[in-house]
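Every number here is computed from the coordinates shown, using simple stated rules; none is lab data. Keep in mind that what you see is a predicted model, and the values were worked out from it rather than measured. Glycine also receives a Cβ, built like all others from the backbone with ideal geometry; neighbour counts cover every protein chain displayed.
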Amino acid sequence: MKCVYHPMEESENRCDICNIPICKTCTTEAELDNSGACHACTRQGKIAKFYQYFRIASCGLGIVWLVVAMLIFTSVPFLTRISYGIYGLLGAFVFNFLAAFILTRMMISDLKPHQRVFVGLSRYAVTGNKIFFNQALSAMKKVDDMSQYQDALFDQIVTLLILQPYDLPQDWVTYLAEQFKINDQELLDGILEFGTDVFYENIFNHYHYQAIEPYIEILKRQERDDLYSKLLDDILLLLKDVNIKEVNKPPEYIPGQPGQQATMKKQDPKVIRNKALLTQLTMIEAELGSFLKRVGRAKDYKKILAVTENFELPAVPKSSFDAVKALAKGQQPQQQQQAQPSQQQMVTSPRSDLIAPPPLEETLPEETVQLRTCAECGGSFPKHDLLSYTYEKIQVKVCSKCNKSLEADDHRQPKLLGKMEK
């Protein structure tokens, strides 16, 4: 992959914090800084420290204004004085919100336009924060000739499709083509040229199974039945090693009282990966069947069905009350396992000389965990099983099933968050 700061140079290392690809020059600068961090991460650390002090100061001023309002406005009713004081607290909240937005934009604002394009795209792929994506698009308008950075651009587009497929609209081909000022065919040709090996590396070696869906979409549009068949052959090989009984076995809990801690036994990482694979295949089962029947491989479709039809998608408790009742009865409150790997694990390219980051090992440690509530369905889950979901700068926790549902519904507001606001 190309360095995100110097898109004409091949990467030779990765940032120790965000794991984005960096070249020899960037690596030297990171080593001299004794942090191993890239420029944006170093700047982020400084900004975060400043924001911490700013937040304390603004909240302190809000409280001071509340006290002062109570002492100064003695000629007005007590409730009116309280209202004046609350304005100060609301002002502190607004200032904090604006400061967070501005400081996030400042993280890469000091870079050159072509650097902001690729650093912004890379950080969006890792964090899912649309601020970076919008900054990248704005910076691209200031670059005179983007064609010289074509390799780096397609590197980042492939990365987006692997790490953020559910954050993109359903017709992502047209959307990305419009954003990057190229036609649909050029986009698909470039992704296939630069991304085929990368997709394979991350699907089969790093377990980013969510990348199967966009990769299939590319192969369909490009009419590459040969690559589609090869992908399915390799998926069938994976399914041979799936122990459906182990996959369907729920994690074991020690029942406890509401609000107390529950201990979860460690799960085999292979079982977790198999659950993620089967969840993904269940989502695209109809598409796989359509292709296999068209090319005369109906028997292979039956092999996939033999596994997926026996796979039980864990049911999500309808409410926290249901989960507590299950615990009280000594039963296992079922929940949806995470279907996609951590977004903090960056995409790796076989064209790089780097040793790839370690594969996803989302094991559940033998330690106590607290139950948390999903902001959409209201179910109770261990914090390991919840994903971060951001709606209009408000971050909440949702289960993986609800996360996909929210993303599919145009990134709408979670139900419980809406009730709280009312």
Fewest-first ordering of I304, I394 by Cβ atoms within 10 Å yields I394, I304
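Using a Förster radius of 56 Å, what is the FRET efficiency between E213 and V76 based on their Cβ-Cβ separation? Nearest 0.05, please.
0.40
Taking 25 Å as the cut-off for C-alpha to C-alpha distance, list the pairs among K240/K293; K181/K401; K230/K401; K245/K270 that go past it. Mind dumping the intermediate values first?
Working: K240/K293 21 Å; K181/K401 34 Å; K230/K401 29 Å; K245/K270 13 Å.
Going by Cα-Cα distance, K181/K401; K230/K401 fall outside the 25 Å limit.
By counting other Cβ atoms within 10 Å of each Cβ, how are D155, D268 ranked from fewest to most? Don't skip to the end; give the middle numbers.
Details: D155 28, D268 12.
Starting with the residue having the fewest Cβ neighbours, the order is D268, D155.
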If amide H atoms are modeled at 1.01 Å from N in the peptide plane, then the residues at a separation of 5 or more from N13, or on another chain, having amide H under 5 Å from its own are I22
For segment 171-232, listing GluC sites (Glu not before Pro) in a DSSP loop whose Cβ sees at most 16 other Cβ atoms within 10 Å gives E223
Final fewest-first order of F50, F180 on the 10 Å Cβ neighbour count is F50, F180
